[in-house]
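Asker: I have a structure I would like to understand better, so I am pasting it below and will then ask my questions one at a time.
Derivation of every value follows stated rules applied to the coordinates shown; laboratory data play no part. The shown structure was predicted, so the numbers you read here are calculated from the model rather than taken from an experiment. Because the Cβ atoms are built from the backbone with ideal geometry, glycine has one as well, and the counts that use them run over all protein chains shown.
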Amino acid sequence: MKNILIIGASSGIGLELAKTLSDNHQVYAYSRQRGELPVHANIRWEALDVEGEITFPGLPDQVHGLVYCPGTINLKPVRGLKAEDVRRDFEVNALGVLRVLQAVFKPLKSAPSASVVLFSTVAVQQGMPYHASVAMAKGAVEGLGRSLAAELAPTVRVNVIAPSLTDTPLASRLLSTGERREASASRHPLKRLGEARDMASLAGFLLSDEASWITGQVIGVDGGLSSIKT
Ligand SMILES: NC(=O)c1ccc[n+]([C@@H]2O[C@H](COP(=O)([O-])OP(=O)(O)OC[C@H]3O[C@@H](n4cnc5c(N)ncnc54)[C@H](OP(=O)(O)O)[C@@H]3O)[C@@H](O)[C@H]2O)c1
């Protein structure tokens, strides 16, 4: 049984992952609200805001996995983009990763092997209008992920998942009508939206020993959007 920290386990991808992992692992779950996170013997939840003070009291000596899920979708034309919005996007998506990692560095390095999973977006690989702020912040996550993978090898692996539009509360405004959902689905070569379980299953794999030779990768889970045209 591994000890796995999920930051942002109360909704969307992190929630799906917490539910799956808790069958076989001890999950340490954090978010501002508990949300829909079930009460389960293998799930310990504590309130945490990654924009505030970050501490993890009571963690075990060894942590085998860290997944960082907090993110923003703040789509605006560049003309109207405020510096404070860009700073906040950077803080939640990118700086939070670094601050969390520093706070769990010791137990993560103490495990014989450990895996860190971060989230980017398809909008880093493929330019999209109105995505400047999130692309800047998630571009930083991809750079940070590769840099950490180099610095923490060989004991800690670090990989980044880059989703396209996924049906979670974060994307609810973009998917608020049947027409929007259909239009978004049809933009993807695989003709559907992403589901939380599409991302959670890859995250679960990257956390597992099956992925023990994979590090420093940015992996698109995007219905083919970043790389193929049909
Ligand atoms: N959904 C998409 O279409 C999509 C597309 C591309 C990339 N992604 C990326 O995938 C990752 C997961 O997204 P998701 O769709 O699962 O999002 P979500 O449904 O909004 O879940 C985000 C989780 O992070 C937590 N969180 C947010 N702000 C936080 C803060 N300041 N401190 C602590 N916890 C915080 C939320 O809980 P609380 O609100 O209770 O704190 C929640 O548990 C994100 O990094 C996102 O950028 C998603």
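Asker: (1) within 11 Å of the ligand (Cβ to nearest atom); (2) in contact (Cβ under 8 Å) with a residue 60 or more places away in the chain; (3) closer than 17 Å to ILE219 by Cα; (4) out of contact with any Phe, Trp or Tyr (no Cβ under 6 Å at 6 or more places or on another chain): which one isn't true of LEU165, the others all being true?
Answerer: Only one criterion is unmet by LEU165, namely (2).
Asker: Would you point out the residue of region 99-124, among those that are within 15 Å of the ligand (Cβ to nearest atom) and either surrounded by fewer than 19 Cβ atoms within 10 Å (Cβ to Cβ) or among the basic types (Lys, Arg) (or both), that is farthest from ARG87 (Cα to Cα)?
Answerer: ALA103
Asker: Exactly one of these conditions fails for SER226: (1) small (Gly, Ala, Ser); (2) closer than 17 Å to GLU142 by Cα; (3) out of contact with any strand residue (DSSP E or B) (no Cβ under 8 Å at 6 or more places or on another chain). Give me its number.
Answerer: Single failed check for SER226: (3).
Asker: Among ASN93, ASN74, which is the only one that is closer than 25 Å to VAL218 by Cβ, touching a Ser or Thr at 6+ places or on another chain (Cβ under 9 Å) and not in a loop (DSSP other than H, G, I, E, B)?
Answerer: So the residue among ASN93, ASN74 that is closer than 25 Å to VAL218 by Cβ, touching a Ser or Thr at 6+ places or on another chain (Cβ under 9 Å) and not in a loop (DSSP other than H, G, I, E, B) is ASN93.
Asker: Still on this structure: What pairs can you find where one residue is in region 183-204 and free of Cβ contacts under 8 Å to residues at least 24 places away in the same chain, the other is of a type outside the set (Asp, Glu), and their Cβ atoms are less than 7 Å apart, with a gap of 6+ or different chains?
Answerer: These pairs meet every condition: SER184/LEU165; SER184/LEU174; SER184/LEU175; SER184/LEU193; ALA185/LYS191; ALA185/ARG192; ALA185/LEU193.
Asker: Which of the residues that make up region 7-34 are under 24 Å from ASP61 (Cα atoms), assigned to a loop (DSSP other than H, G, I, E, B) and in contact with a Phe, Trp or Tyr (Cβ under 8 Å, 6 or more places away or on another chain)?
Answerer: Within region 7-34, GLY8, ALA9 meet the criteria.
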